[in-house]
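These notes are about the structure you will find just below.
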Amino acid sequence: MTYDYPTNTNFNASKGLTEYLGYINGVTDGWVSKMMLLSIWFIIVAGFYKARDDLKGAFATASFVTFVLALLFWAGGFSSGWEVTITLGLTIISALALLMDK
């Protein structure tokens, strides 16, 4: 499948970065949104674990924040339902692990 060059497309500057990110995500077949969510998850896990030394809490916090971002991405048309489903499952698993901790 061939895509238009960025110089040939008519981006509307009033919409901000959403058109550019949508174009980039379309060209890469959705990998930009997946990698953004994954990198945000890793950054939050690393930061929370470094600050509190609580791995289960870090997983729960990062999963919840990533789930909210995935919902926003999905509402904006930037990611698919699979990313939302995966992040929801990860959030449920990490919340259960956090709740089962003594």
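In this calculation the C-beta distance from LEU96 to ASP29 is compared with R0 = 41 Å, giving a FRET efficiency of 0.80. What does the net charge come to around LEU90 if you take all other residues with beta carbon closer than 14 Å to its beta carbon, with K and R at +1 and D and E at -1? Overall, the nearby charge balance is +1.
None of the figures in this text is laboratory data; all of them are computed from the coordinates on show. Keep in mind that what you see is a predicted model, and the values were worked out from it rather than measured. As a convention, Cβ positions derive from the backbone with ideal geometry for all residues, glycine included, and neighbour counts pool all protein chains shown.
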